[in-house]
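First comes the structure, then the notes that go with it.
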Amino acid sequence: MYKPTLLTAAIALALAVPALAQQGQQTAKTLDNVIVTGTRVTDRTLAESQSPIDIISREALQATGTTELATALARALPSLNFPRPALVDGTSGVRPAQLRGLSPDQVLVLVNGKRYHSSAALNLNGSIGRGSSAVDLNSIPVASIERVEVLRDGASAQYGSDAIAGVINIVLKGAGKGGSLAVNYGEYSKGDGAQFQLSGDTGVQFADGRGTLHVAGQAGYQDPTNRSGAYAGTTPNTGNFPGVGEKAFIIGDPEVDAGAASASASFDFADNITGYATAIASNRDINSYAFYRSRNHNNQAALLAMYYPDGYVPVINQYSKDRSLIAGLKGNTEGGFAWDVSYNYGYNRIDYATDNTINYTLGDTSPTRFYDGALEYTQNILNADFTQALDWGLAYPVTLSFGAEYREEKWNQSPGVYGSYANAGLGIPGSSSGAQGFGGFTPANAVHADRHNYAVYAGVEADFTDKFSAGLTGRYEDYSDFGSKASGKLSARYAFTDMVALRGTVSNGFRAPSLAQQSFQAISSTITNGVFYQSGTFPADTAIAQALGAKPLDAETSTNYSLGLVLQPTDQFSLTVDAYQIEIDDRILLSSNINTNAAAQALLSSLGVDQVTQFRYFTNAADTRTKGVDVVGSYTVPFAASALDLTASYSYGETEITRLEASPAALAELGISTPLIARDEVGRLEDSFPKNKTILGGTWHSDRWNLSLTGTRYGSVTVRNATVPANDQSYDAEWLVDVAASYKPTQQWTLTLGADNVFDTYPDENRYVNSTSGIFQYSNYSPFGFNGAYVYGRIAYTW
């Protein structure tokens, strides 16, 4: 455990820095970086972009102290939110991030400009991104990344489905020289959550410099944290409310054992033909935790005395395997024609198991560990992209782009072993849940879903004068499961002078319902306000869901507007201000958990479903409007032998529901008055993320030293109760301060000491009514988690 003297030393060292800092953007000092995202022009710079783009360098990602890509991006970008929920089953281990307050699956992730595959997981419980099936950013090793380009603008016409909120393009290291080796270790001030990581990368050339290969890898572990509170109820040792001490529950970060590797290669077959390939592989073994079961859970005192006389906490194990491969050929001609043909494979499989558990229906023969089944996602993509430089008599060539894509997707849900879901019909309360904590998928839940789609696009982009540039792109996409969509984008930029420019875009877009959203089905145990439920999730196109009022899912559609100001009065100072509005129709939401009554139970029983006391399904339930503004500024103060980089960024965004679908008539006919989308889900869309976020900072660096200080203000968050407005709770805005100091004894070695959240700031505590009798001290919606101060060290060697 860290001593207070270490924290004090870190604070004192950081306060010596003569400015505020934001280390996540320390290398983004000007707008002169060449970009590859959001444009087909090969030499477009950040300043010349017609859409707002952030560039996060590899040094910035590594300087945050975290071993997670999503966490590093959230500290660098005010428009990105990455909360750290606990006790939400699989979402505790595979956490989603959101851009501009929209759904995690409404942002497209690319690797080297190619679509990265989605996670197989589906977020089903009470957290940000409920109902989404998004990319797992933490499956990509930070050690392999050269930079990250974040396009904060709709881009469906350019890249296809999912690019409603924007695009995150992760550019991997590809140089045939250089390398690094680093070791990180850190721990929270409470003495838990230790993180260790060994990482490295290196590049080589071969075939007389015609070929390059760059490999990277990292391996490490993360210990769990626990910030549960003491039980403060009035009936100890009953149900799920134990009176056995503060640590009966485990509420915090999961335990993670992870490894990842990547390789990027290229080979020049001729002066104008190059082959390339990129492969990424990662494995993560994740243990998160379910509700504590007391010694008399479900009236099973005699049975539990044999297994867990003091009660038990089931452990939900997820073993996530990620694999991806991109391979292609590209070339160009003297006439300005360029082509790129590629194959893209992506795969994610998550195997689930429950440990430290029991299935009551098996009695004293029950194992204490069960294999619960698996979720799998696979994509296969063929791309052909072409650009042609055209001479229209302008000062610069016009870029014509066109291409086609074919994509095949598969999503599988596989059952667990019999004991994970077994119900021997003994009439034991909750027995049909199978393994306590996370019941296995049954053979009836097995799914093998697939679809394919093709797309064609064309666009033109030109600098019509020295001051005015514009682009127009259109795309048509056809899906085998729900039909076709067309999208377009118009963008423009006008430079009044070299120092002042105005830019804007108008576009429409779409997001296809994921296979997981269309196909997932399961019956699982949930506990709401201390009441046990058997909750059934049913696909919207099944007879069961449609008998309850569901309709087959359609795609979400969007209309995006943005208008921005770009200022670069000097080489040392730049400022961008971008306002936006995003209107989304037919948003796909997971309905609220709706309690059954006798009529509904009879209906479900007639359809072959018994013992379900709650149900839910996906629905195109809402239209929303999101509007806001992003401000990014940087200023560099040069000194004789050093420099001071100052940065400031601010994001404001709010979402309102403009249409909410009423409960279907089928529910009213069953005598169910519960709304299809309850107040808590409305709150997740409108209030449960910070509407504003500010990052201020500065980094002073010389040949030997690098000192930085970052202040981040997370705006307030409000969490709504599903049924009782008086139980809504707002959580105040908070400032967090991160500090770091690096020393280079030689040009190759770098020694770093840092502290994130150095002042040990926690969010507001939950009111008693929202704390499950005092156990949940903090909200899962806190945008910076609830673990407190984190102190870390890093030793790195580069060549």
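Since every read-out is calculated from the coordinates, none of them should be taken as a lab result. Remember, it's a predicted structure, so these values are computed and weren't measured experimentally. Backbone-built Cβ (ideal geometry, glycine too); neighbour counts: all protein chains shown.
General remarks:
- Excluding same-chain neighbours fewer than eight residues apart, the aspartates and glutamates reachable from Lys177 by a Cα-Cα span under 16 Å are Glu146, Asp201, Asp208.
- In a fully extended conformation the segment linking Phe482 and Thr368 would gain 36.7 nm over its present Cα-Cα distance, using 0.36 nm per residue.
- Spin-label proximity, Thr746 to region 686-720 - amide N less than 18 Å from point 7 Å beyond Cα toward beta carbon: 703-705
- Other residues with beta-carbon under 12 Å from the beta-carbon of Asn272 carry, at +1 per Lys or Arg and -1 per Asp or Glu, a net charge of -2.
- Unit charges on C-beta of K, R, D, E only; dipole of region 646-695, Debye: 220 debye
- Efficiency of FRET between Trp705 and Tyr319 - r from beta-carbon atoms, R0 45 angstrom, step 0.05: 0.60
- Label zone at Thr761, where the point sits 7 Å out along the Cα-to-Cβ direction: region 713-752 residues whose backbone N lies under 19 Å: 713-719, 730-741
- From the Kirkwood radius over Cα pairs of the chain, Stokes-Einstein at 20 °C and 1.002 mPa s returns a whole-number translational diffusion coefficient of 78 µm²/s.
- Separation between Cα centres of region 299-331 and region 106-136, rounded to whole Å: 19 Å
- FRET E, pair Leu490, Tyr406, Förster distance 30 Å, beta-carbon r, rounded to 0.05: 0.65
- Computed over neighbours whose Cβ is under 12 Å from that of Ile350, the net charge equals -4, Lys and Arg +1, Asp and Glu -1.
- Computed extension gain for Ala470 through His452, at 0.36 nm per residue and net of the alpha carbon distance, reaches 3.2 nm.
- Partners of Lys410 within straight-line reach, counting lysines whose Cα lies under 24 Å from its Cα and excluding those fewer than 8 residues away in the same chain: Lys114, Lys321, Lys485, Lys551.
- Length gained on full extension, Ala207 to Val637, computed as 0.36 nm times the residue gap minus the Cα-Cα distance: 150.4 nm.
- Dipole of region 653-799 computed with +1 at Lys/Arg Cβ and -1 at Asp/Glu Cβ about the Cα centre; of Asn706, Ala726, Pro664, farthest Cα towards the positive end is Asn706.
- Charge dipole magnitude, Cβ of K and R +1, D and E -1 - the chain, Cα centre, debye nearest 20: 760 debye
- Helical contribution to [θ] at 222 nm, DSSP H n ≥ 4, -39,500 (n - 2.57), averaged over the chain, rounded to 500: -2000 deg cm²/dmol
- Relative contact order, percent, the chain [alpha-carbon distance under 8 Å, six or more residues apart]: 14 percent
- Working from label points 7 Å from Cα in the Cα-to-Cβ sense, the Thr723 to Gln572 distance is 6.3 nm.
- Remark: spin-label model distance Lys177-Thr798 equals 1.5 nm, labels positioned 7 Å along the Cα→Cβ axis.
- Modelled FRET efficiency - R0 25 Å, Val629 with Glu59, Cβ distances, 0.05 increments: 0.35
- Pairwise label distance in nanometres, Thr658 with Asp223, each label 7 Å out on the Cα-Cβ vector: 5.1 nm
- Sum of side-chain charges, Arg679 neighbourhood, beta-carbon under 11 Å (Lys, Arg +1; Asp, Glu -1): -3
- Reach of Lys330 by Cα under 15 Å, taken over aspartates and glutamates that are not fewer than 8 positions away in the same chain: Asp268, Asp271, Asp340, Asp385
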